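Read-outs: derived from the displayed coordinates by stated rules, not from any lab. Since this is a predicted model, take the numbers as computed values, not measurements. Neighbour counts are summed over all protein chains in view; Cβ atoms, including those assigned to glycine, are modelled from backbone coordinates with ideal geometry.
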Amino acid sequence: MNLSAATTSLTWGHSALTVVVDTSPGRPVSVRTLAGVPADGAAGHTAQPLVEILTAATGRARASHRFSETSLGRRLACTGSETSREGDWHRLRIDLRDAAGGLAVQVLLRSREGVSAVQAHTRIVNEGDEPVVLLGVTSLSLGFGAVAVDELDVVQGDSEWLGEGRWSRRPLRDGAAVDLDLRLHGQDGRGRHAAISNGTWSTGQRLPTGGLVHEPSGQAWLWQVEHNGAWRWEVGERLDGAYVALTGPTDVDHQWQHRLEPGGCFTTVPVSVAVSDGGLHGAAAALTAHRRALLRPHPDRAGLPVVFNDYMNTLMGDPTTAKLLPLVDAAAAAGADVFCIDAGWYDEDGAWWDSVGAWEPSQNRFPRGIEEVLAHIRGRGMTPGLWLEPEVIGVRSPLADKLPAEAFFQRDGVRVVEHGRYHLDLRHPAAVAHLDETVDRLVEQLGVGYFKLDYNIDPGAGTDHAAASPGAGLLGHNRAHLAWLDAVLDRHPGLILENCGSGAMRMDYALLSRLQLQSTSDQQNPLRYPPIAAAAPMSILPEQAANWAYPQPGMTDEQIAFTMCTGLLGRLYLSGHLDKMSPDEAGSVRDAVAVHRDIRAELAHAVPVWPLGLPGWADAWTSLALVAGDTTYLTLWRRGEAADAVLSLPHLAGRQAQVDTLYPRHLPAFGAVFDPAVGQLTVTDRGGAPAAARLLRLRAAPHDAR
């Protein structure tokens with residue numbers, strides 16, 4: 001659409017989304033309404049500029065630590081817009097310009113029909129005569145309606161190795177935006193609550209998903225920064241309400257700057273925001289639907305194959321023919337569809353960490369060749385897989401000297417070393433050629449159909465070789481990495497790629513929009529895993545959440561059931577010495593796999609609910625529910641002695657529901673009483689085991705049933 005001089009706003013959206021943008025002359029262009037249903041955009045709103053740009057020559061309009069009210073953000077004026085449609089995707093381009101500096105800016109939005117979420121990024125072109133040094137650009141910035149900051153909760157996740165996805169929800173006033181009485185002072189605040197990720201472990205410290213919830217109205221937003229490198233999101237208080245700013249790398253956080261020459265263009269990383277008037281669970285459902293819309297089509301999406309991996313609490317990086325063949329037989333008997341040989345298959349001397357890179361099968365471990373094991377996997381009806389850590393070259397690897405120095409991360413001419421490895425720079429064609437040769441050889445010559453792509457180092461701020469700054473070099477590599485993955489899947493469309501980064505240290509939707517599944521942790525203690533598995537659907541799709549289940553011979557019946565339950569409401573990721581189990585132990589594992597195979601197609605369309613709230617790390621009871629139509633699948637874990645659990649299932653309020661135990665059926669069921677009047681399930685466990693878990697199914701009567 002074209003805007004006339006009299007136009008003060010533009011409205012865009014579809015059946016599930018309304019976006020109203022204020023374009024009034026003399027005011028910053030800002031989002032007036034972002035809602036999941038048609039809304040009155042004339043009410044008061046937060047005039048947070050739609051785009052914030054920090055440059056060396058302009059900076060902020062007022063000194064602060066925030067990405068709000070930059071000088072350029074205030075000055076940008078709307079010059080036009082255009083809507084379009086591509087299949088089910090609605091698109092909007094908003095054109096802005098800074099007349100003083102010559103920057104032309106485009107904000108590009110897209111949203112899937114019927115999904116109350118939007119993806120956004122910003123594109124900047126230097127139409128002036130002088131270079132512009134960019135120090136930070138938001139992908140999207142907007143105000144959270146015209147609601148009282150006192151009534152807002154902020155939702156965020158912390159993460160680290162073995163402790164992924166530790167979510168919290170607390171009042172925004174509780175430290176994040178303390179009440180400073182801004183109205184008395186007549187100025188916006190200067191602080192902010194920021195989640196920042198440095199380096200290449202995009203989810204190694206903080207999660208790129210966050211949210212705001214207004215409990216009185218139910219209005220909720222959940223957002224995600226979709227980048228496999230450095231990022232930042234922040235919330236803060238303005239005089240007119242709360243704001244959100246979403247960015248990729250910045251100068252202050254990530255040593256990023258970009259010199260934009262006349263005629264040059266820069267594009268930010270994509271971000272997404274899901275909206276709902278149904279509170280946190282409504283926003284989570286919207287973001288779940290949006291994530292599914294973002295996925296690259298894969299042949300395995302309908303099947304969701306069960307993966308057996310030999311690593312966790314099993315071979316632990318020490319595979320041999322003798323150890324693998326009986327495991328292959330046991331995994332096939334249990335019902336696995338994929339058998340992945342994890343780390344160590346290339347190791348000749350037992351000290352492979354700093355010598356990896358050639359990715360040639362070991363002769364010592366496989367005297368008759370790894371082909372024997374791979375053929376045995378195929379013969380048992382499973383897809384063979386291999387562990388691979390493609391982006392690193394060990395300092396002792398022969399590849400370290402064969403590839404040019406420019407193919408590696410550098411700082412001031414020195415090759416970066418981290419934990420005995422060099423890091424490949426995928427902007428360089430030699431690095432890409434090496435990885436292409438590796439993947440093509442393993443797929444075409446060995447028949448590998450599955451790769452576990454691991455990533456166990458973080459090289460820091462980036463590389464300054466052929467880049468204006470280390471952060472700019474890292475951003476270039478991040479984008480080249482995504483392009484490499486796209487090309488691999490274009491050449492091998494049937495290949496299944498698992499995303500892993502020391503567990504889930506790189507669990508972002510730049511990667512997960514492309515790859516089929518995500519290892520959710522390296523946690524080896526089954527009692528520590530439930531909060532990780534239960535929280536995973538806040539970050540990723542249930543059908544991408546590969547939660548480890550690693551039953552062992554000698555475990556009690558309850559212990560086997562506990563670890564198997566951890567894997568059932570996701571992409572079942574199986575391990576354990578199945579080949580050494582008794583018939584009864586193996587039977588319990590087979591039963592669990594069979595249950596998962598029966599329900600996995602429904603899980604690919606389900607939305608998450610947390611009946612006990614977002615899981616706490618040390619909670620005695622932990623729960624995750626996935627709702628698929630009239631059926632709710634619910635996993636409950638109990639760790640230690642605990643009183644009855646009272647679970648809230650408001651989507652079932654007013655409906656009769658039948659409660660069944662799907663797994664384990666050979667052990668005493670939890671006591672479960674459902675109250676349809678309020679949608680509340682009370683669960684007791686008097687079995688006496690130190691820990692126990694059950695997978696329940698609640699089947700609700702149709703809405704019109706009497």
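General observations
- Shown for Ser588, Ser217, Ser71: other C-beta atoms within 10 Å of each C-beta, ranked fewest to most, produce the order Ser217, Ser71, Ser588.
- Semi-axes of the equivalent ellipsoid for region 519-635, Cα gyration tensor, largest first, Å: 23, 16, 12
- R0 of 25 Å, Cβ-Cβ distance Ala643-Ala701: FRET efficiency to nearest 0.05: 0.25
- Listed residue (Val244, Gly218, Thr635) projecting farthest to the positive dipole end of the chain, Cβ model: Gly218
- For region 684-704, the residues whose backbone nitrogen is under 11 Å from a point 7 Å from the Cα of Gln656, taken along Cα to Cβ, are 701-702.
- Charging the Cβ of each Asp and Glu at -1 and of each Lys and Arg at +1, and nothing else, the dipole of the chain about its Cα centre rounds to 1080 debye.
- Inter-part distance where region 48-112 and region 457-536 are each reduced to a Cα centre, Å: 29 Å
- Listed by chain and number, the lysines whose C-alpha is less than 29 Å from the C-alpha of Lys402, apart from same-chain residues fewer than 8 away, are Lys452.
- Inverse of mean 1/r across different Cα pairs in region 50-108, Kirkwood, Å: 12.7 Å
- Spin-label model distance (nm) - Asp88 vs Ala487, 7 Å beyond Cα toward Cβ: 3.1 nm
- For region 553-567, putting each phi into the Karplus relation 6.51 cos²θ - 1.76 cosθ + 1.60 with θ = phi - 60° gives couplings of x, x, 5, 6, 4, 5, 5, 4, 4, 4, 6, 5, 4, 4, x Hz, in residue order, rounded to whole numbers and with x for Gly and Pro.
- Region 609-700, Rg to Rh (Cα coordinates; Rh as Kirkwood inverse mean 1/r): 0.94
- Dividing the mean sequence gap of close Cα pairs (under 8 Å, 6+ apart) by how many residues the chain holds gives a relative contact order of 10 percent.
- Mean projected area in nm² (Cα convex hull; one quarter of hull surface) for region 9-294: 14.2 nm²
- Hydrodynamic radius by Kirkwood, which averages 1/r over all alpha carbon pairs of region 307-519, in angstrom: 17.8 Å
- For the chain, with +1 on Lys and Arg beta carbons and -1 on Asp and Glu, the positive-most of Val488, Gly114, Thr267 along the dipole: Gly114
- Counting beta carbons within 10 Å around each of Val414, Val392, Val225 and listing the fewest first gives the order Val414, Val392, Val225.
- Placing +1 on the Cβ of every Lys and Arg and -1 on the Cβ of every Asp and Glu, with no other charges, gives region 307-519 a dipole of roughly 200 debye about its Cα centre.
- Computed 3J(HN,Hα) for region 425-432, one whole-Hz value per residue from the Karplus formula 6.51 cos²θ - 1.76 cosθ + 1.60 where θ = phi - 60°, is 9, 6, 6, 8, x, 5, 5, 5, glycine and proline marked x.
- Multiplying the residue separation of Asn313 and Asp95 by 0.36 nm and removing their Cα-Cα distance gives an extension gain of 73.0 nm.
- Pair Asp440, Thr556: separation of 7 Å Cα→Cβ label points (nm): 5.6 nm
- Furthest towards positive pole of dipole, Thr200, Met312, His185, structure part the chain, Cβ charges: His185
- Ranking of Leu636, Leu435 by count of other Cβ atoms within 10 Å, fewest first: Leu435, Leu636
- Candidate lysines - alpha carbon under 19 Å from Lys323, same-chain residues fewer than 8 apart omitted: Lys580
- Placing pseudo-labels 7 Å out from each Cα toward the beta carbon at Gln187 and Asp401 gives an inter-label distance of 6.2 nm.
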